[in-house]
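Below: the structure, in structure tokens.
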Amino acid sequence: MRYGLLVNENTSNTDYSSGVFYAFVRNLPIFLYAPDVNEYKEGANGFMIDYPKDITVPFVGSGDIDAYIKALKDCESVPASAGYKKFREVHVGSCDGKVSDRLIKCLSSWNGNSFAEKN
């Protein structure tokens, strides 16, 4: 039960992993903790977004425990912010529990050569 804590958490802190998207799908208060962010930015992988700027949640880019505690306290109000809502809509807006229904509907419109046009 490796991920049991994720299911029961009510606040999320992550670095630059995909855990950030899980938190947004669940509409959790979130903050980013990535003391090694500059090393990662300079590495081979990099980011597909302007990290952490594009994710408008509290960010701690050092090992400062006081900054970590402050971010943990500050993140509670984050889901109500416009930036959080916009990121959520853009990046996980289709994760509404109806993805399978939309996929079945789309696949059902296949006529052997193409998909039927949307009405």
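Provide the solvent-accessible area of Y68, counting protein heavy atoms only and rolling a 1.4 Å probe, rounded to the nearest 10 Å².
Accessible surface of Y68 is approximately 60 Å².
What is the angle, in °, between the Cα long axis of helix 65-74 and the longest principal axis of the Cα atoms in the chain? Nearest 10 is fine, range 0 to 90.
Tilt of helix 65-74: around 50 degrees.
Show me the GluC sites (Glu not before Pro) within the stretch 18-119 that DSSP assigns to loop and that have at most 13 other Cβ atoms within 10 Å of their Cβ.
Numbers: sites: E39, E42, E76, E89, E117; in loops: E117.
Loop-located and lightly packed - E117.
When the scattering of the chain is computed by the Debye formula from its Cα atoms alone, each counted once and equally, what is log10 I(q)/I(0) at q = 0.13, 0.17, 0.18 Å⁻¹?
With one equal scatterer per Cα and no solvent, log10 I(q)/I(0) is -0.63, -0.90, -0.97.
Calculate for the chain the 222 nm mean residue ellipticity that helices alone would give, adding -39,500 (n - 2.57) per DSSP H run of length 4 or more and normalising by residue count, nearest 500 deg cm²/dmol.
Numbers: 6 runs with 49 residues, N = 119.
Dividing the helical sum by the residues of the chain leaves -11000 deg cm²/dmol.
Against the longest principal axis of the chain, how steep is helix 82-92, in degrees 0 to 90 to the nearest 10, with axes from Cα atoms?
It works out to around 50 degrees.
Once the Cα atoms of helix 99-108 and of the chain are each reduced to a long axis, what angle between those two axes, in degrees from 0 to 90 to the nearest 10, is obtained?
So the inclination is approximately 30 degrees.
What whole-number value in Å² describes the accessible area per residue of the chain for a 1.4 Å probe? Write out the running numbers ahead of the final one.
On the way: 8620 Å² over 119 residues.
I get 72 Å² per residue for this part.
Using a Cα distance threshold of under 22 Å, what count of lysine pairs results for the chain when pairs must be 8 or more residues apart or interchain?
Lysine pairs satisfying the spacing and distance rule in the chain number 12.
Label-point separation (nm) for I65 and D50, each offset 7 Å from Cα along Cα-to-Cβ?
3.5
In the stretch 8-119, carbon and sulfur make up what percent of the accessible area (probe 1.4 Å)?
Working: 4040 of 7760 Å².
C and S atoms contribute 52 percent here.
Using +1 at the Cβ of each Lys and Arg and -1 at the Cβ of each Asp and Glu in the chain, identify which of S62, C106, Y51 lies farthest towards the dipole's positive end.
Towards the positive end, the residue furthest out is C106.
Placing +1 at every Lys and Arg Cβ and -1 at every Asp and Glu Cβ, with all other atoms neutral, what dipole size does the chain have around its Cα centre, in debye to the nearest 20?
On the way: 13 positive and 15 negative charges, 120 e Å.
Once rounded to the nearest 20, the dipole reads 580 debye.
Can you pull out the trypsin sites (Lys or Arg not before Pro) in the stretch 20-112 whose DSSP state is coil and whose Cβ has at most 15 other Cβ atoms within 10 Å?
Details: sites: R26, K41, K53, K70, K73, K85, K86, R88, K98, R102, K105; in loops: R26, K53, K98.
The qualifying sites are K53, K98.
The values are calculated or read from the model by the stated rules, or taken from the named source; none is laboratory data. All figures in this text were calculated on a predicted structure; none of them were measured in a lab. Neighbour counts run over all protein chains shown; Cβ positions are idealised from the backbone, glycine included. Quick note on the areas: whole protein, heavy atoms, side chains included, nothing else; ligands and nucleic acids left out. Shrake-Rupley method; radii C 1.70, N 1.55, O 1.52, S 1.80 Å.
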